[in-house]
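Worksheet: one structure, shown below.
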Amino acid sequence: MEPTSRIRTIGALLSDALAQLSKLFQIELALAKAEIRNEVSKAIVGVGLLGAGLLMVIPVIVMVLFAIAEALVSNGFSPAAADLISAAIGAVVAAALIAIAVARMQSMKVVPERTVEQLRKDRQTLSEVAR
């Protein structure tokens with residue numbers, strides 16, 4: 001009788017372990033979703049603010065470039081040269097702003113790092129238990 005009761009106990013333990021493993025993966029999946037949702041919401045806010053800022057700054061940049069060109073003309077530059085210099089200044093400023101925006105967006109984390117690390121730990125624990 002003892003081997004039969006032992007088999008049932010092992011079966012029950014295995015069933016419990018599988019149920020707990022299933023629940024663990026559900027929790028890990030929920031954590032991953034929460035992390036991704038958090039990062040996506042940050043990205044949406046960032047893109048929205050960037051768009052609003054760009055929309056507001058365009059007329060200002062145009063007026064500043066016109067003022068620079070006009071100042072160059074009043075200091076003896078031809079209108080064409082003044083416009084070209086003003087456009088070059090605008091291009092340099094635009095390139096710098098684009099580089100800053102790209103650098104900031106590249107630093108955003110899309111991978112749910114905490115969840116990935118927890119899944120690694122879970123896999124390690126499972127492999128240790130299986131031994």
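Straightening the chain between residue 17 and residue 74 buys 12.2 nm, computed as 0.36 nm per residue apart minus the Cα-Cα spacing.
Excluding residues on the same chain fewer than 8 positions from residue 121, give the aspartates and glutamates whose Cα lies under 12 Å from its Cα. Hits, sequence-local ones excluded: 28. Around the Cα centre of region 28-130, unit charges on the Cβ atoms of Lys, Arg, Asp and Glu (plus for the first two, minus for the last two) sum to a dipole of about 300 debye.
Based on DSSP H segments of at least four residues, each scored -39500 (n - 2.57), the chain has a per-residue ellipticity at 222 nm of -33500 deg cm²/dmol.
For the chain, return all DSSP H helices satisfying: extent of Cα atoms along own axis at least 15 Å; mean Kyte-Doolittle hydropathy at least -1.0.
Those that clear 15 Å and a mean of -1.0 are 2-74, 79-106.
A crude spin-label estimate for the pair residue 10 and residue 127, with each label 7 Å from Cα along the Cβ direction, gives 2.4 nm.
What is the order of 122, 16, 83, fewest Cβ neighbours within 10 Å to most?
With the sparsest Cβ surroundings first, the list reads 16, 122, 83.
Treating each Cα of region 28-130 as one equal point scatterer and applying the Debye formula with no solvent, the log10 of I(q)/I(0) at q = 0.13, 0.14 Å⁻¹ comes out as -0.68, -0.73. If the segment from residue 108 to residue 95 were pulled out straight at 0.36 nm per residue, it would be longer than the present Cα-Cα gap by 2.6 nm. The residue among 73, 30, 57 whose Cα reaches farthest toward the positive pole of the charge dipole of the chain, with charges on the beta-carbon of Lys, Arg, Asp and Glu, is 30.
Since every read-out is calculated from the coordinates, none of them should be taken as a lab result. This structure is a prediction, so every number in the text was calculated from the model and none was measured. All Cβ positions, glycine included, derive from the backbone under ideal geometry; neighbour counts span all protein chains shown.
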